[in-house]
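Enquirer: After the C-alpha cells below, expect a handful of questions from me.
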Amino acid sequence: MTVTTFPAGRAPKSEQAPPIHVAIGRVMGDMPAVGKRGWNNHSKYRYRSIDDLVTALNGVMARHGVYVIPRVRERTAQQNGKSTFVTVAVDYKITGPAGDYEEAAFYGEGADFGDKATAKALTNAFKYLMIQLFMIPVDDLVDGDRETPERIPVPAPVADGSDDRQAQAQDIARRGAETDDPGALTELRKQAEVNGLLGCDVEVHGDRGSLGAYLEYLTG
C-alpha cells in the first residue's frame with residue numbers, strides 16, 4: 001500500500017463550488033417527473049400537489065447546495081361571502097453552493113373559508129416558480145401547440161350589478177367544470193379577468209369558493 005503525504009501547511013485541492021447557473025443546471029438534470037397525482041373529490045379533477053413537488057426537489061437541491069428564500073413584496077385580500085381570496089407577489093433569492101445567487105419573482109392566488117388563503121397563495125407561487133425555474137419534467141403536460149381549441153369570445157366588461165356578475169361567474173365555473181381543454185380554460189380565465197369576476201363566489205359540485213381559486217385548481 002502506498003501512502004501519499006502532503007507538504008506541511010497544505011491541504012489536498014478540492015473541487016471549487018460551482019456558480020449558481022451551473023448548480024441550477026445540475027438540479028434540472030437530476031429532477032424526476034412530477035405528475036398530477038392529487039385528486040379533488042368534490043370538483044373531480046387531478047392536481048400536482050406541493051407535497052409531491054417538495055419531496056422530489058428536497059434531495060436534489062440539497063445534493064447540489066441550492067436553496068430558495070422567499071420575500072413577500074405585496075399581498076392583497078378580498079372577502080367574498082364566507083371565503084377570502086388572496087393574491088401575493090413574491091420575490092425569490094435562489095442561492096448556490098458558491099454563495100452567488102439569482103433573483104426571480106412570481107405571483108400566486110389562493111382562496112379559503114378559514115385562515116389558509118395566504119398560505120395557499122404562497123404555495124401556488126412557489127410551486128409554479130419551481131416548475132419553471134428548474135424545468136421540472138411534468139409527465140402530463142399538454143403542449144399548447146398540440147391543438148387549436150375553439151375560441152370563446154371575451155365580452156365587454158359587465159356593469160357592476162351583483163346579480164349579473166354572480167350569474168356570469170357561475171356560468172364560467174360551469175363551463176370550466178365541463179371541459180378539460182387547457183386552451184378553453186385559458187379563455188375562460190381571460191373572460192373572468194376582463195369582467196373582474198375572479199373574486200366572485202361560485203358553487204361547483206356542492207363546493208363553494210372564489211372563481212379565481214376554482215379556475216386555478218382546474219389549470220394547476
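The values are calculated or read from the model by the stated rules, or taken from the named source; none is laboratory data. Predicted, not measured: the structure shown is a model, and the values here were computed from it. Neighbour counts are summed over all protein chains in view; Cβ atoms, including those assigned to glycine, are modelled from backbone coordinates with ideal geometry. Calculation scope for accessible area: heavy atoms of the full protein, side chains included, ligands and nucleic acids excluded. Shrake-Rupley method; radii C 1.70, N 1.55, O 1.52, S 1.80 Å.
Enquirer: Please state which of the following conditions ALA156 fails to meet, knowing it meets all the rest: (1) small (Gly, Ala, Ser); (2) at pLDDT below 80; (3) within 17 Å of LEU218 (Cβ to Cβ).
Expert: Only one criterion in (1) small (Gly, Ala, Ser); (2) at pLDDT below 80; (3) within 17 Å of LEU218 (Cβ to Cβ) is unmet by ALA156, namely (3).
Enquirer: Next question. Which one of ARG10, ARG46 is surrounded by fewer than 13 Cβ atoms within 10 Å (Cβ to Cβ) and either at pLDDT 60 or above or on the phi < 0 side of the Ramachandran plot (or both)?
Expert: ARG10
Enquirer: In the range 49-72, which residues are of a type in the set (A, V, I, L, M), open to solvent by 60 Å² or more (accessible area, probe 1.4 Å) and either farther than 18 Å from MET28 by Cβ or over 18 Å from the mean Cα position of the chain (by Cα) (or both)?
Expert: Matches in the range 49-72: ALA62, ILE69, VAL72.
Enquirer: Scan the range 169-199 for residues that are in a loop (DSSP other than H, G, I, E, B) and open to solvent by 20 Å² or more (accessible area, probe 1.4 Å) and jot them down.
Expert: If the condition is that a residue be in a loop (DSSP other than H, G, I, E, B) and open to solvent by 20 Å² or more (accessible area, probe 1.4 Å), then GLU178, THR179, ASP180, ASP181, GLY196, LEU198 are the ones that fit.
Enquirer: Moving on. List the number of the failed condition for TYR92; all other conditions in (1) modelled with pLDDT of 95 or more; (2) open to solvent by 40 Å² or more (accessible area, probe 1.4 Å) hold.
Expert: All conditions are met except number (2).
Enquirer: Here's a follow-up. Residues that are of a type in the set (Gly, Ala, Ser) and out of contact with any Cys (no Cβ under 9 Å at 6 or more places or on another chain), at least 3 per element: which strands (runs of 3 or more DSSP E) completely within the range 48-118 meet that?
Expert: In the range 48-118, 101-112 are the strands (runs of 3 or more DSSP E) which contain 3 or more residues that are of a type in the set (Gly, Ala, Ser) and out of contact with any Cys (no Cβ under 9 Å at 6 or more places or on another chain).
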